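This report refers to the structure that appears directly beneath it.
The values are calculated or read from the model by the stated rules, or taken from the named source; none is laboratory data. Note that the structure is a prediction, hence the values are computed from the model and not measured. Cβ placement follows ideal geometry from the backbone for every residue including glycine, while neighbour counts extend to all protein chains displayed. Accessible surface is based on the protein model in full, side chains and every heavy atom, while ligands, DNA and RNA are left aside. Shrake-Rupley method; radii C 1.70, N 1.55, O 1.52, S 1.80 Å.
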Amino acid sequence: SVLAKSFVTLGLIPLIIVLYLSLIKADFNIYRKIFSLKNIVLLLIIILPWHILGVIKNPDFFREYIVNQQILRFFNMTTPHDYHNGNIFFYVPKIIGYILPWSVFLLAVLKKPFSPLQAFCWSWFLVVFVFFSLAGDKGDYYCAIAMPPLACLIAFKINDWIENNKTNIFNSIFGVFV
């Protein structure tokens with residue numbers, strides 16, 4: 001993910017994992033296993049060669065790729081200013097639109113309790129959504145990576161209604177909006 005989507009994933013993935021483990025009330029030893037020195041060294045072995053080669057081949061690589069395109073972009077300070085910005089609610093209508101017509105079920109997925117898989121989906125969605133909502137740069141597609149877990153949460157809810165013979169809820173909500 002770092003090679004495809006940059007260093008932002010070095011922050012997002014650990015945040016997703018920590019939020020997920022917190023939601024399922026995981027034992028602290030699991031944190032230590034996941035974030036062990038061995039795992040961190042392995043990650044660095046995988047990602048550093050490409051970045052070191054980038055610095056060797058292009059002396060401006062570090063400033064442009066890491067500082068300008070990642071750090072300054074988050075704070076809406078990239079030069080040139082080749083993107084759009086918006087307020088903290090920028091992605092709310094976009095997410096509703098991304099998953100139409102299924103967005104009519106969004107309120108229904110908020111009910112607890114959550115299974116471990118649902119907790120993971122919520123962690124994935126929330127970390128990505130909050131991070132990009134706080135960022136100064138607002139790419140239309142940035143929150144697209146938050147759509148798979150949200151689609152899963154909606155599917156879990158619809159499946160729950162079907163398994164519990166509550167299809168009338170599904171039919172009512174879907175019928176009104178479609």
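If you take all other residues with their beta carbon under 13 Å from the beta carbon of ALA108, and give Lys and Arg +1 and Asp and Glu -1, the sum is +3. Distance between the pseudo-spin-label points of LEU134 and SER115 (7 Å out from Cα toward the beta carbon): 3.1 nm. Taking one quarter of the surface of the convex hull spanned by the alpha-carbon atoms of the chain gives a direction-averaged projected area of 12.7 nm². Of the peptides 134-146, 80-92, the order by per-residue mean of other Cβ atoms within 10 Å, starting with the highest, comes out as 134-146, 80-92. Considering only LEU110, PHE75, PRO59, and ranking their Cα positions along the charge dipole of segment 24-110 that arises from unit charges at the beta-carbon of Lys, Arg, Asp and Glu, the one farthest toward the positive end is LEU110.
Judged by the ratio a/c of the largest to the smallest principal axis of the C-alpha gyration tensor, segment 67-141 counts as prolate, that ratio being 1.5 or greater while a/b is larger than b/c. When the C-alpha to C-alpha distance is required to be over 28 Å, the pairs from LYS33/LYS157; LYS57/LYS94; LYS25/LYS157 that qualify are LYS33/LYS157; LYS57/LYS94. Accessible area per residue (1.4 Å probe, heavy atoms of protein chains only) ranks LEU53, LEU100 as LEU100, LEU53, with the largest value leading. Each Lys and Arg Cβ is given +1 and each Asp and Glu Cβ -1; about its Cα centre, the chain then shows a dipole of about 400 debye. Under the classification rounded if a/c is under 1.5, otherwise prolate if a/b is larger than b/c and oblate if not, where does segment 91-178 fall, given a ≥ b ≥ c as square roots of the Cα gyration tensor eigenvalues? Oblate. The alpha carbon centroids of segment 38-56 and segment 64-117 are separated by 28 Å.
Considering helices alone, the calculated mean residue ellipticity of the chain at 222 nm is -18500 deg cm²/dmol, with DSSP H runs of length four and up weighted by -39500 (n - 2.57) and normalised per residue.
On the chain, 71 percent of the accessible area sits on carbon and sulfur atoms, based on a 1.4 Å probe.
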